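Working notes, beginning with the structure itself.
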Amino acid sequence: MVNLSCNADGYDSLDPMGNITIKWDVISDTEANQVVTVSIYNYQLFRHVEQPGWKLSWDWPGNEIIWDMWGAEATEQGDCSKIKAERPPHCCEKEPVIVDLLPGAPYNKQEANCCKGGVLTFMTQDPGEYVASFRMSIGSVSNDGSGPRMPENFTLGIPGYTCGDPVQVPPTKFNIDKGRRKIQAVATWDVICSYSQFRASSSPTCCVSLSAFYDKTIVPCSTCSCGCQGQLGADQCVKNGEVPPALQLDHNEPPRSVVECTHHMCPIQVHWHVKQSYTQYWRVKMTVRNLNHVKNYSQWNLVVLHPNLKSVAQVFSFNYKPLNQYGDTNDTGMFYGIKNYNDMLLQAGGSGVVQSELLMHKDAGIFTFREGWAFPRKISFNGQECVLPSVDEYPRLPNTSQFMAPSMLIIIVASLSLILTIF
């Protein structure tokens, strides 16, 4: 109940300040016309906007129309028959839906930070691509002498996001002439959009399995973590080795899930294996498996909460960044692929796996293999929290007499050899 409430309120303990902010800057304002720049900033630490991208929409408070746009376009022109002009407006819809231009758009229609097909990265992984912008010329067909007014009821068109009301903030200042001069917007409003995993999907999309070198038991993903086979509303599944059915994919909608038939029915499975113990260090192997037959995950990321992440010594095959969100507490980190090597997690099959190993120092006073300490407290994939097994099922540490570090084992073997030689 507590987790559902937090998700419904759009709160994420791993990214408590994360949001997408829509900034509405009025650049010029006359009695009948406004020029407005709209920017969308992804201020989240590890959640990005994938294809088909954002679809920004709002409600006009009056009879506003969009005369022209640069850097984006409205999906519908609407009924402009009442507008008598040499050139028809770009959009006359009461509730316009705006989409980003595609890469390679005509130069005279481009705007700074446009033309990425609606895809937004985030500041942690790719700080150069976390913002999208477009510009538009707005008019009004009302006869009361009032010009365009601030819209309301903003939506991003992305599952899971809810936007608040516009709030007027100090006007934005823009650098021109290579920073030698600043100009200021006439007025600026911010619209804050928060994410809720509960709103995005009624069921999880990721699960975690566990294993350790000191226990022969492999703890699988919990049964029905993401759904049950044949259950109403569950993803369609195909058995291992079967060819998935051909789908009529709509490029304007998120790809449907056709997952491999498993007991957990999750598109993504993460496996955490405690691989080895040394005198001063211990090693973990992480494996991410894509069981979705119709989707590749570009610029994927894995966020892990574990108390020993403050002592990461080396990460193999993945990039790593700590996420220090609570002062000096350093127990959360983000793992993501190396560009042009493994930053694309391909759909289900032999190539639908990425994996890496993690070496951490054994901190005196806190390190232990007991009571499941070696396993993560939370894991999320692409901002979606994964389902962990019950703590009662975690791999168990053997009795002290049965469990020894490799270095101690070598000493014992050497001592026995010496005794046998002497006698």
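The values are calculated or read from the model by the stated rules, or taken from the named source; none is laboratory data. All values derive from a computational prediction rather than experimental measurement. Here the Cβ positions follow ideal geometry from the backbone for every residue, glycine too, while neighbour counts run over all protein chains shown. To get the accessible areas, we keep the full protein, side chains included, count just its heavy atoms, and leave off ligands, DNA and RNA. Shrake-Rupley method; radii C 1.70, N 1.55, O 1.52, S 1.80 Å.
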Original post:
What residue, of His273, His306, is in contact with a Lys or Arg (Cβ under 6 Å, 6 or more places away or on another chain), open to solvent by less than 60 Å² (accessible area, probe 1.4 Å) and touching a residue at least 40 places away in the same chain (Cβ under 8 Å)?
Top reply: His273
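Quick test for you: out of Ala105, Ala72, pick the one residue that is within 26 Å of the chain's Cα centre (by Cα) and of a type outside the set (Lys, Arg).
Details: Ala105 fails: within 26 Å of the chain's Cα centre (by Cα).
Sole residue among the options that is within 26 Å of the chain's Cα centre (by Cα) and of a type outside the set (Lys, Arg): Ala72.
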**OP:** Among the residues of segment 175-192, count how many are in contact (Cβ under 8 Å) with a residue 40 or more places away in the chain, open to solvent by 60 Å² or more (accessible area, probe 1.4 Å) and not in a loop (DSSP other than H, G, I, E, B).
**Re:** 1
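When segment 193-203 is examined, which residues are found to be surrounded by 12 or more Cβ atoms within 10 Å (Cβ to Cβ) and either of a type in the set (Ser, Thr, Tyr) or on the phi > 0 side of the Ramachandran plot (or both)? Steps first, please.
The initial filter retains those residues of segment 193-203 that are surrounded by 12 or more Cβ atoms within 10 Å (Cβ to Cβ), namely 193-201, 203.
Scanning segment 193-203 gives Ser194, Tyr195, Ser196, Ser201, Ser203.
Those residues that are assigned to a loop (DSSP other than H, G, I, E, B) and charged (D, E, K, R), I need them from segment 163-174; list them, please.
Asp165
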**OP:** Test each condition in (1) open to solvent by 30 Å² or more (accessible area, probe 1.4 Å); (2) at pLDDT below 95 for Trp70 and report the one that comes out false.
**Re:** (2)
Original post:
Assuming Ala132 fulfils every condition listed in (1) under 19 Å from Asn42 (Cα atoms); (2) open to solvent by 50 Å² or more (accessible area, probe 1.4 Å); (3) in contact (Cβ under 8 Å) with a residue 12 or more places away in the chain apart from one, which condition is it?
Top reply: (2)
**OP:** Within segment 331-356, work out how many residues are open to solvent by less than 40 Å² (accessible area, probe 1.4 Å), over 19 Å from the mean Cα position of the chain (by Cα) and within 21 Å of Thr124 (Cα to Cα).
**Re:** 1
Original post:
Out of segment 215-233, which residues are touching a Ser or Thr at 6+ places or on another chain (Cβ under 8 Å) and surrounded by fewer than 20 Cβ atoms within 10 Å (Cβ to Cβ)?
Top reply: Thr217, Ile218, Pro220, Ser222, Gly233
Original post:
Name the pairs: first residue in segment 215-227 and closer than 20 Å to Gly372 by Cα and touching a residue at least 24 places away in the same chain (Cβ under 8 Å), second residue in a loop (DSSP other than H, G, I, E, B) and of a type in the set (Ser, Thr, Tyr), Cβ to Cβ under 8 Å, at least 6 apart or on different chains?
Top reply: Val219/Tyr394; Cys221/Thr262; Ser222/Ser390
Original post:
Are there any pairs, at least 6 apart or on different chains, whose C-beta atoms fall under 6 Å, with the first in segment 28-47 and touching a residue at least 40 places away in the same chain (Cβ under 8 Å) and the second among the aromatic types (Phe, Trp, Tyr) and part of a strand (DSSP E or B), and if so, which?
Top reply: Val38/Trp24; Val38/Phe134
**OP:** Identify all residues within segment 340-365 that are at pLDDT below 95 and either of a type in the set (Val, Ile, Thr) or touching an Asp or Glu at 6+ places or on another chain (Cβ under 7 Å) (or both); write none if there are none.
**Re:** Ala348
Original post:
Since Trp54 meets every condition but one in (1) open to solvent by less than 20 Å² (accessible area, probe 1.4 Å); (2) free of Cβ contacts under 8 Å to residues at least 40 places away in the same chain; (3) within 30 Å of Arg199 (Cα to Cα), which condition does it not meet?
Top reply: (2)
